Structures are given as structure tokens and as C-alpha cells.
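Accompanying notes for the structure given below.
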Amino acid sequence: MTDIPNAKPDLGEVVLAARNVAKSYGQIHALKGVNFDIHRGQVTTLFGENGAGKSTLMKILSGVIQPTAGQIILDGAAVAFDNSTDARNRGISIIHQELSLAPNLSVRDNIFMGREIMGPGGVDFAEEERQTRKLMEGLEEDIDPLTPVEELRLGQQQIVEIARALSVDSRILIMDEPTSALSATEVEVLFKVIRDLKSKGVSIVYISHHLEEALQITDHAVVLRDGTMTAYAPRAEIDLEWFVRNMVGENYDLGSPPGGYGFGNVALSLRDVTVPDPKGADFNVVDRFSLDVRAGEVVCIYGLMGAGRTELLETVAGRLRASTGEVVLEGLEISHLTIAERIARGLALVPEDRQRDGLVQTMTVGQNLSLASIAAFTKGLFTQKKAEQALIEDSIRKVTVKTSGGGAAIGSLSGGNQQKVVIGKMLATNPRVIMLDEPSRGIDIGAKAEVFKLLAERAKQGLAVIYSTSEVGECLSIAHRIIVMHKGRISAEFDSTVSKEKIMAASGESVAA
Amino acid sequence: MSDTTISRAATPKASFSLGRLLLEGRAFFALIAIIAVFSFLSPNYLTVGNFLIMASHVAIYGILAIGMLLVILNGGIDLSVGSILALSGVMAGAMMQGIELQALGIILYPPVWAVVVLTCVLGALVGAVNGVLIAWFKVPAFVATLGVMYVARGVALLLTNGLTYNNLSGSADLGNTGFDWLGFNRLGGVPISVLVLAGIAVLAGLMLSRSAFGRWLYASGGNERAADLSGVPVRRVKITVYTLSGMLSAVAGLVLSSQLTSAGPTAGTTYELTAIAAVVIGGAALTGGRGTVRGTMLGAFVIGFLSDGLVIIGVSSYWQTVFTGAVIVLAVLMNSIQYGSRARKG
Ligand SMILES: Nc1ncnc2c1ncn2[C@@H]1O[C@H](COP(=O)(O)OP(=O)(O)OP(=O)(O)O)[C@@H](O)[C@H]1O
Ligand SMILES: [Mg+2]
């Protein structure tokens, strides 16, 4: 090993540091004595597989949780944060991996929650609104400050979360997977903002599972594995080879679309599906959309945020109603069926927003995994414990969930592992057609490869897959056919030999040089 | 356990923290404490006879509380149970007194079993109205059941003109005797009402822990959107729980009027609050998704044994109110400690 952890060349003053920080949850040791430095005016990227302890470390550094052992050093002096407000007052703010917004409140109120600007006659809403507008301009996002957050798409909510952290003017900004729901254009804007902050001397910690993305902005990289720090390197020494060696131990090739077999009959057929805006605005989010997917075929739907992908998939799944058009599943028109009936006929959706649509927080990991297939282990009146247990264990193994067992609370899993539970839950229904809406959000490279392998295997056995993503690379390595969606319509269709640039151009995206 | 678990075989080493145990079994320990204190204060408390009498009092609250638990697990609330109880009692009373069919000029005296069945159907129907209002018309549960609470109470008052039906024992000539069986008879020394409660509790417990419906209920109470997308028929679940709650209120109404051999339109006032209290003391979360029948039963017994104990040792009923309130606040406090410690994470 040439990378000795913590044998760091001193590239700028350390503003915040963790010394031998450990955190245990009962028997579970999330962090086992970690040293970590944040340098003034620089970006440090934290890599690590799902459940490695990244979020835990960041929550400790920002006062959200307290370490079981070790010290936090701020500007050379040991400190203990009572809570996140305490840390915020000392200039540290955090963008959480799981969004922490109040859905019923407006964008403005969320951004200033807990630190409202007071005027002579109470809260100065006008000033708050003005500042919110400015923040949104800075992020090049067209979001009205008075919109309730629940009406925003997931990516937009992530923007609000980012804006809230930016509005504090902190010296140290921690970003826990800030780009997981953003598309390429928005990531570009965020990076511009980050460079700008850097030049003002703000120190940044950045967590991502996306190497290429992180390499664009990072100055240092640190790898965390199973609660210990396993590698450190400055930017100049980081390359794919370093990453592979330290992160995953093998070079995961996400590969190319599964081949060597022929497609079957049309499994899912959409005819002129039109979906009006669910919030009641006067336009169609999906506009006369037609698509045939054959058994065994993997179709990728690529598009920017707001292209109508989520609405399309939710309509096919039965959550939203189409105003016109037909949805035909294996020859049967299913527009009138309930979600449950569609699942029973083999149509499954892995939703985009795991917190809101994917998981039941009050249930265990196992109960979440088996939720969509209760009928499969119910005989007569009662559920069969053994059959359920078998199904749960099978799912945990297949999607490689890192957990102490099916009985663990779902909230005790790391973000990426929660995502795997949502995927595993729908795969357990043994679908004939599966739709995945940004399924790779938050999962590490190894897990992504695992999921791709699983999908490829099932596709060979005749599963039809619709994979919606805003990452071009994913399309190219899984899909036989790539559909680009723009403003509710198909704007282009390619086979798997197309170039990234062509796909991005068709989506209405300005291709970054 | 999965083999992807990295060196973390969860060997729950019997690290019994006393605080944890006390917190999780709090309703049970509270019940033990109540029994111990009152046994010490009054020699009459700790006798089999007294226990059975207290248990038959608990039966009414207990039956209501089980219905309430189902509703609360769903993330809702049912304020109408006390009124449905009264309305059902009054309807049963009216049927026992005979239904006059003016057109035919005859008076019908349905047999007791028919009275019981019809009353339960009535309760279920009123409950279903709650359910439909909430599930289909999106009226908030608090408001819908508050409305139904007033309407049901009003109808009960209208039907009786504010008076009480006093003679419910029927007569042998008319073939409708036996109404007091529910409230007065015993099987093997145990009051029928207690057996009814036990039966309902066992059925509800099985339903929650072993049936698909139970799983649907916990899921839709925990996160309705996620449950919906996983194929849980969330509307059907909702209507079902309110219907069951209404039906159980009718059962409680039958038991109560049978115990009193009278049925009045003001019976059961504020019983909905007692039922909610029992559910909360039993550790259920008012936000939905968490709670058990066992806990709720313990909660009902805590309230019942406490208030009967205070009567037995001769404490004024004003103090009873204070004590009951204090117990409720304490219970909610502990709930928030228990669920608060499960930090949400990301
Ligand atoms: N509240 C908790 N109770 C029990 N275990 C927990 C809790 N919070 C975290 N853990 C465990 O600590 C470990 C580290 O979790 P953490 O969220 O820090 O991972 P992560 O590196 O952020 O992963 P991801 O990439 O999936 O976000 C995981 O194994 C997780 O299961
Ligand atoms: Mg994390």
C-alpha cells in the first residue's frame, strides 16, 4: 500500500478535523476510530461503499449526532457540538443525504426555518423571499419561493436543500450526495457554485459514488471502508486505477447490454398516453407517448428533470391517471386496474423517491422487502412465517443489503442500503415488466453492478425492463434501446451504439465541453 | 441473517438494560404497580370477585379501545365511538320494546340474537360512513368523526326524546328474553362481557400479527404513499378499520346496556377519550403504524383498575379525573422517549 492514511501533505490549513472518532449503535460499529481533515478553501471528497460510515462521520462533524469516542477539532481547539444548530452557529452546515425539508411549507419558509429574518413587525417575509429568489438565481433554477416543497420534484427538492445550506454563509459546507437526484446540467451549475465558494475560502466536503463527477472538483480524496479510513490521496494522484484499488478491489465493468438471445412478444405497449399535470396546471406532463417494450428487452428512458419520466412511469403503474391513451400489458388493456392488480399481473415500479414512495419507516427491513409480495406467502387467512423469511433472506442476498438481518429497523440502514431495499422489494414480486425510476440513486458501484447483473439475468429469462435515468453512462451499459424524453414526448430514439453526446443533445441539454 | 453481513452477526448479547426494559414494558409495570398499591391500601381489592367485577368494567373500554387501535394504527382517529355506543344501545332498546309497524298494525318483537346482529350491523354502517368520508372524500379523520359523533348522538336523542329505555329483559310470552345474558351471566365464573373482550382481543391480535390485512394496516399507517405503490389497497383498509371500529362500538353498547338493563341516549359520553387514552398508554403512536393489541389491553386495564381502585379506597371522583389525566400524560411522554430514541437517519 502506497497510500498511508493520514500521511497527508499539508496543503492548506486544517479548519475542522476528526480525531479517532468512533460511533457505535449497540452492537453495530459504524465508525471505528477515524481521522479526517478538512482544509481551508478546498474540496475533500469522501468515497466509500454503502454503509461504510460516510454519512455517520459527516453527521458527527456537523453536530447532528454525537460520537461515542474521539474528538472534533475546530480551528485547532477541541469542541463538542450539542446539536446541529450549535455547529451551524460556528459556521458548519450540512446538506443531508435524505432530504430534511418540511413538505407542507414553502421553499422560502424551508430555507429560513429556524432562523427567520426578523423585522419590526415580525418575520420579514419580503426580505426572505428576495434572498430566496437570489439563491435560486445563483443555482439557475426556476423555482418560485412560495411553492410548497411537496409540489416540487425530487431534484428540485434537492436544490432547495442545497440552497438552504448555502444561505447560511458557512465556512464549512458538508454535502452528502448532493447530486444524486440532479441531472448533468444542474450538476454543472452546482460545481460552478462550489468553485465560487472555494475561491471565497469556504471548505467543502463532498460525498459521491460518482468518480468522474467528483474528480472535476475535488482537491483531496479519502476512502472509508467499514468504519475505518483506508486511503488518502491528493487530486494529482487520484485516477481510476487508484479508485478501483482502494474502493472496490476489482474493476467493476458495468458492461454492455445483455445479448445472445432474441426478444419475445411485446410485453408492454403504450399508445398515445397523455397525462395532465398532476398539480392541475394547464399542460400535459406526458404528451401522446407511445412505446412498445418486448419481453427480454431493456429500454432506457433518458431525460432531464421535468421531462415527464416519473409521471409516465407512475401512470403506467397506476398511481396517476392518463387522460387519453392505452396501456396494454401482455395483450390486456390495464388502464382500469388498481396498482395491486397491476402488480399481481406482473407490472412493478421502483419509485424514485425512496423516503416518500418507497419505504415504510415504521416497519423493519424484512417487512419492507416483503410488502409488495404478501400474497405470495399468505395461505388462507394467515401469512406463513417461514415462507416470508425465505423471501426476505433471498432478497437481502440478491440486492446485497448490508444489514444485521430482516428484523433491523429500516432507519438503521445507510441511504444506499435503503435504496437497495426498495429495488429488492419490487424484484421480489417476480415481475414480467419492471420499471425503475432512477434506481441507482445513492447505491455504490458494486451494488450498481450487482443490480445490472440481476436485471440482465432476468431479461434473458424474458423480463422486460424500463430503466429511467439522468445518467447517460447507465443507459449505454444496460439498454438495448435508448429513448430520449423531452417535455413529455419522445424526442429521439437510439440503439446502444450511440454516443453520449448525441443522447444529451437530444434531451435538450447543453453539452458541456 | 445474510451472508453479505460484514462481520456483524448480530448476537444480541443479553445486555439487559433495566431502563430499556422498564420503558418497553411500562404499561405492564404500571398495572403491577397499581395492583400492588391498591392491594396494600384496601383488603377488598385483591380478591377474585373484585377482579372479575373490575374486568367487566374494563370490558366496555377494552372493546372500544381495540377498535380505536385499528383506527390509530391507520394514522386516523375515531371520535364517534362513544356516540355510536349510545345509538346502538338505544336502537337495541327500541327493538326490545318492540317495533311498531303502523301500516300493518302490528308490533314486532325480534328475538335477542336478531337484536344483537342488527345492532352490530348498524354500528358497522355508521363506521362505514366515517370510512367513506375519510377515504373517498378526503375529509380529515378528526373532522369526519367529530361530525358523526354529533349526528349519532343527536339521532339517539331524537329517537328516545331524551328518555331512557328501562325494561330490556323482554318477556317469555314474546320470546325475546335473555338480553341481560351479556351483562350478567357468567361462564365458569367469568362474566360473559370479559369473555367477549378476550375473544375480540385474540381475533384482533391474530389479524394484526398474522394476516395480510394486518400487514396492510401497519404499512398504510406508516407510509400511505409507499404502501399504495406496493399494491396495498389503502382505501379499502381505511374503510375497513372505521367499519370495524363502529361495529365494536355497537358491541360495547350492547354490553353496557345489558349490564345496566337500560339504554339511554347519553350513555358513553367521553368514552372515545378513554379509548384513545388506553391505546396511547399501550404504547401506540398517534402518528400511525405502531401499536399492538397486547399494549392496548394493558392500557385499558391500567385505566380501569386505577379508577376502580380509587373508588374502592374512597378517593373523590374529582381526584380520579386528575389521576387518569396524569397517567395519560406520563404515557405519552414515555412514548416520545421510546420513539424519539430511534433517531431518523440518512
Ligand atoms: N441509527 C442507526 N442504528 C443502527 N445502525 C446504524 C444507524 N445509523 C447508521 N447505522 C449503521 O452504520 C453504518 C454506516 O452508515 P452510514 O449511513 O454512515 O453509511 P454511508 O457510508 O453513508 O452509506 P451510503 O453510501 O449508503 O449512504 C451502516 O452499517 C448503518 O447500518
Ligand atoms: Mg450515507
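The values are calculated or read from the model by the stated rules, or taken from the named source; none is laboratory data. Remember, predicted model here, so these are calculated numbers, not experimental data. As a convention, Cβ positions derive from the backbone with ideal geometry for all residues, glycine included, and neighbour counts pool all protein chains shown.
One line per residue, one yes/no per condition, for (1) under 21 Å from A:Ile204 (Cβ atoms); (2) modelled with pLDDT under 95; (3) within 14 Å of another protein chain (Cβ to nearest Cβ); (4) away from ligand 1 (no atom under 16 Å from the Cβ):
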| position | (1), (2), (3), (4) |
| --- | --- |
| A:Lys8 | yes, yes, no, yes |
| A:Glu13 | yes, yes, no, yes |
| A:Val21 | yes, no, no, no |
| A:Gly26 | no, yes, yes, no |
| A:Gly41 | yes, yes, no, yes |
| A:Ala78 | no, yes, no, yes |
| A:Ala87 | yes, yes, no, yes |
Quiz item: Since B:Leu229 meets every condition but one in (1) crowded, with 22+ Cβ neighbours inside 10 Å; (2) away from chain A (no Cβ under 13 Å); (3) free of Cβ contacts under 8 Å to residues at least 12 places away in the same chain, which condition does it not meet?
Solution: (2)
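Would it be correct to say that A:Ala165 is within 24 Å of A:Glu13 (Cβ to Cβ), in contact with a strand residue (DSSP E or B) (Cβ under 7 Å, 6 or more places away or on another chain) and away from ligand 1 (no atom under 16 Å from the Cβ)? Before you say what the answer is, go through the steps one by one.
Working: within 24 Å of A:Glu13 (Cβ to Cβ): yes; in contact with a strand residue (DSSP E or B) (Cβ under 7 Å, 6 or more places away or on another chain): yes; away from ligand 1 (no atom under 16 Å from the Cβ): yes.
Judged against the criteria, A:Ala165 is a match.
The rows are residues; the columns are (1) among the aromatic types (Phe, Trp, Tyr); (2) exposed (fewer than 12 other Cβ atoms within 10 Å of the Cβ); (3) on the phi > 0 side of the Ramachandran plot.
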position	(1), (2), (3)
B:Pro111	no, no, no
B:Ala128	no, no, no
B:Val143	no, no, no
B:Val148	no, no, no
B:Leu158	no, yes, no
B:Asn161	no, yes, yes
B:Gly175	no, no, yes
B:Leu187	no, yes, no
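Quick grid of which residues meet (1) closer than 30 Å to A:Leu240 by Cα; (2) polar (S, T, N, Q):
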residue	(1), (2)
A:Glu137	no, no
A:Leu146	no, no
A:Ser180	yes, yes
A:Asp196	yes, no
A:Ser199	yes, yes
A:Ser208	yes, yes
Quiz item: Mind checking which residues of region A:365-407 are over 21 Å from A:Ala348 (Cβ atoms) and either away from ligand 2 (no atom under 16 Å from the Cβ) or more than 9 Å from chain B (Cβ to nearest Cβ) (or both)?
Solution: A:Lys379, A:Gly380, A:Leu381, A:Phe382, A:Gln384, A:Lys385, A:Lys386, A:Gln389, A:Ser404, A:Gly405, A:Gly407
Quiz item: Any residue at all in region A:314-323 that is surrounded by 23 or more Cβ atoms within 10 Å (Cβ to Cβ), in contact (Cβ under 8 Å) with a residue 12 or more places away in the chain and more than 14 Å from every other protein chain (Cβ to nearest Cβ)?
Solution: no
Quiz prompt | Any pair with Cβ under 8 angstrom, 6 or more apart, that starts in region A:414-429 at a residue that is closer than 16 Å to A:Lys453 by Cα and within 11 Å of another protein chain (Cβ to nearest Cβ) and ends at one that is of a type in the set (S, T, N, Q) and within 14 Å of ligand 2 (Cβ to nearest atom) | solution = A:Lys420/A:Asn50
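Helices (runs of 4 or more DSSP H) wholly in region B:39-145 with at least 3 residues that are within 13 Å of the chain's Cα centre (by Cα) and of a type in the set (A, V, I, L, M) - which ones?
On the way: elements: B:48-73, B:81-97, B:112-135.
Result: B:48-73, B:81-97.
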Quiz item: Scanning region A:443-464 for residues that are aliphatic (A, V, I, L, M), assigned to a helix (DSSP H, G or I) and more than 11 Å from chain B (Cβ to nearest Cβ), which turns out farthest from ligand 2 (Cβ to nearest atom)?
Solution: A:Ala459
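For region A:50-100, what are the residues that are assigned to a loop (DSSP other than H, G, I, E, B), away from ligand 2 (no atom under 16 Å from the Cβ) and more than 20 Å from A:Lys23 (Cα to Cα)? It would help to see each step written out before you state the result.
First, pick out the residues of region A:50-100 that are assigned to a loop (DSSP other than H, G, I, E, B): A:50-53, A:62-68, A:75-76, A:80-83, A:90-91, A:96-100.
Subset that is away from ligand 2 (no atom under 16 Å from the Cβ): A:63, A:66-68, A:75-76, A:80-83, A:90-91.
Within region A:50-100, A:Asp75, A:Gly76, A:Arg90, A:Gly91 meet the criteria.
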Quiz item: So which of A:Gly155, A:Gly121, A:Gly91, A:Gly138 ends up being small (Gly, Ala, Ser), outside the structural domain of A:Asn417 (by TED's automatic domain parsing) and free of Cβ contacts under 8 Å to residues at least 12 places away in the same chain?
Solution: A:Gly121
